[in-house]
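**Student:** Input: one structure, supplied below.
The values are calculated or read from the model by the stated rules, or taken from the named source; none is laboratory data. What you are looking at is a predicted structure, and each value in this text was computed from that prediction instead of being measured. Don't worry about glycine lacking a Cβ; one is built from the backbone with ideal geometry, like all the others, and counts go over all protein chains shown. To get the accessible areas, we keep the full protein, side chains included, count just its heavy atoms, and leave off ligands, DNA and RNA. Shrake-Rupley method; radii C 1.70, N 1.55, O 1.52, S 1.80 Å.
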Amino acid sequence: MNASMGDSPSVPSAFRHWFEDARKSIYTHVERVPLASVSGWHCDPDASALTHHSGRFFSVEGIRTHHAGGPVEHWDQPIINQPETGILGILVRRIDGELHCLMQAKAEPGNINGLQLSPTVQATRSNFTGVHRGKSVPYLRYFREATGHRIIADSRQSEQGSWFLRKRNRNMIVEVTAEVEAVDGFRWLPLGELLGLLRFDDLVSMDSRSVLACLPFPPDEPAPESSPRVRSGTAEILSWITEARSRIEVTTERLPLPQLAHWRRGPLSIGHESGRFFDVIGVRVKAAGREVAEWGQPMIAAHGTGLVAFLVTRIDGVLHVLVQQRVEPGFVDVVELGPTVQCTPCDHDAAPGCERPPFLDEVLGAGPERILFDTVLSDEGGRLFHTRSRHLIVETGHLPEPPGYRWTTPAQLSALLRHSHYVTMQARSLLACLHALEHPACGAGEPGRGESS
């Protein structure tokens, strides 16, 4: 976050001063290093997978994916394998009648700007069982022993299925009634203020957006199961997803990294021979305000800024978003609902129109009067290095539904998030941005242009 956010009148001064003060004591210094020299890891050039000496945390492995009838029917790639389920939790409390969220200023090695707003608890099982031999995780007990508190949301959700193999995190929102002190690096923020900060580039972390998406959508939406004003009933959407999961055949098999077709190991990284997609790199990290002060690790570094977008319209006065059935090799159950558009645009610059992702030109060609939200937000900074996606919400007419696409309401997506593995990480991130547009304190319906952070 640079001085331009500090100059913005839309940023509450109390938050700005707290965040800038936190930057003095919470930070990471990251140095890229050759993979073979990553401390604490087996990363030799002939290694079948990149693994930690402890056998814990995560590994980078190779897979070969077969997707019968897909746009690309088979491919090889590295992928992050982290089978343990972590906890992403936000503690909430009503203060003077307004819902507040306990957020932390957290520095991750992959964050493009160092410090971002993260959930109250963001911890892998290795973190909270002490494998790293670091400090204990503050506030963890509210989520591991939630009995006696109101649980607003609690479900396991996937991370990006193109980069993580069946990775799941328990997304939780727990409401307390008693006063809970915010220790150093943490702050109680009004929900409206927090959602408003989504308008700033790279400020609210991916994990925070994932949890915020699990909040119930504003109450003026109709009941998703029964209203005649929704395009498709929830039971119909569930059947549509189940039919796709039953029909689509996707298989993955493990391969040693040196055997991946079209991927090459160089002195610094593993990359695709085309120069596209992503690299697997090594970093050395020194940190303050973290459970551990120094470590090394491999990371994924994407090529180019991604794009995730919702097309939205009103059908009989009710807001609808156009979602697609996404198939990614790391999903637990074949198909999840993703954004209208999800791609890296530079990968398609030279592609003929028929090969470009559906609705990409509709999104990129939208005039400013149709763009409701436009912000560049970071992906998960613990495993992904300087990886970001432009988040767009674009108003359109009532377009027909091509195969694999369906108009749904935000309330229906919210209902699906009470369960596991129905809504992708990218769609959850956009749903959090929709919360920002619809929340009264954020200026509902006004353009959400991203501001430099």
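**Student:** Of everything in region 271-288, what is in contact with a helix residue (DSSP H, G or I) (Cβ under 9 Å, 6 or more places away or on another chain) and within 20 Å of Phe57 (Cα to Cα)? Give them in sequence order.
**Tutor:** Initially, region 271-288 is screened for residues in contact with a helix residue (DSSP H, G or I) (Cβ under 9 Å, 6 or more places away or on another chain), giving 276-277, 280-282, 284.
Scanning region 271-288 gives Val280, Ile281, Gly282, Arg284.
**Student:** Considering only residues that are farther than 23 Å from Leu377 by Cα and in contact (Cβ under 8 Å) with a residue 40 or more places away in the chain, look in region 328-357 and name the one that is surrounded by the most Cβ atoms within 10 Å (Cβ to Cβ).
**Tutor:** Across region 328-357, the extreme among qualifying residues is Val335.
**Student:** Just to be sure I understand, how many residues within region 362-394 are of a type in the set (A, V, I, L, M) and more than 23 Å from Leu197 (Cβ to Cβ)?
**Tutor:** The number of residues fulfilling the criteria is 3.
**Student:** Okay, next question. For the subset of region 232-267 comprising residues that are touching an Asp or Glu at 6+ places or on another chain (Cβ under 7 Å) and part of a loop (DSSP other than H, G, I, E, B), which member is most open to solvent (accessible area, probe 1.4 Å)?
**Tutor:** It comes out as His262.
**Student:** Among (1) crowded, with 17+ Cβ neighbours inside 10 Å; (2) touching a Phe, Trp or Tyr at 6+ places or on another chain (Cβ under 6 Å), where does Thr124 come up short?
**Tutor:** Of everything listed in (1) crowded, with 17+ Cβ neighbours inside 10 Å; (2) touching a Phe, Trp or Tyr at 6+ places or on another chain (Cβ under 6 Å), Thr124 misses just condition (2).
**Student:** Could you check region 37-122 for strands (runs of 3 or more DSSP E) lying wholly inside it with 3 or more residues that are modelled with pLDDT of 95 or more, of a type in the set (A, V, I, L, M) and under 15 Å from Trp188 (Cα atoms)?
**Tutor:** Fully inside region 37-122 and qualifying: 86-95, 98-107.
For every residue, the table says whether it meets (1) within 21 Å of Glu108 (Cα to Cα); (2) aliphatic (A, V, I, L, M); (3) at pLDDT below 95.
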residue: Arg166; (1), (2), (3): no, no, yes
residue: Ala182; (1), (2), (3): yes, yes, no
residue: Phe186; (1), (2), (3): yes, no, no
residue: Asp201; (1), (2), (3): yes, no, no
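**Student:** Sticking with this structure for a sec: Going by the structure shown, is Trp295 open to solvent by 20 Å² or more (accessible area, probe 1.4 Å), out of contact with any Phe, Trp or Tyr (no Cβ under 6 Å at 6 or more places or on another chain), of a type in the set (Phe, Trp, Tyr) and not in a strand (DSSP E or B)?
**Tutor:** Taking the combined requirement at face value, the residue does not satisfy it.
**Student:** Something else: So the check is Cβ under 7 Å with 6+ separation or different chains; which pairs have a first residue in region 184-207 that's under 10 Å from Leu102 (Cα atoms) and a second one that's among the charged types (D, E, K, R) and open to solvent by 10 Å² or more (accessible area, probe 1.4 Å)?
**Tutor:** Between residues of region 184-207 that are under 10 Å from Leu102 (Cα atoms) and residues that are among the charged types (D, E, K, R) and open to solvent by 10 Å² or more (accessible area, probe 1.4 Å), the close pairs are Pro190/Glu98.
**Student:** Turning to a different aspect of this structure: Got a number for residues in region 358-399 being closer than 30 Å to Thr124 by Cα and open to solvent by 40 Å² or more (accessible area, probe 1.4 Å)?
**Tutor:** Adding up the residues that qualify gives 3.
**Student:** Here's something else I'd like to know. For region 37-94, how many residues meet the condition of being closer than 30 Å to Leu212 by Cα and open to solvent by 50 Å² or more (accessible area, probe 1.4 Å)?
**Tutor:** So the answer is 3.
**Student:** Let me ask something additional. Inspect region 400-407 for any residue being open to solvent by less than 10 Å² (accessible area, probe 1.4 Å), at pLDDT 95 or above and within 15 Å of Arg326 (Cα to Cα) and give the result as yes or no.
**Tutor:** Yes.
**Student:** Give the residue, chosen from Val308, Val312, Val283, that is over 19 Å from Glu395 (Cβ atoms), open to solvent by less than 30 Å² (accessible area, probe 1.4 Å) and either in a strand (DSSP E or B) or hydroxyl-bearing (Ser, Thr, Tyr) (or both).
**Tutor:** Sole residue among the options that is over 19 Å from Glu395 (Cβ atoms), open to solvent by less than 30 Å² (accessible area, probe 1.4 Å) and either in a strand (DSSP E or B) or hydroxyl-bearing (Ser, Thr, Tyr) (or both): Val283.
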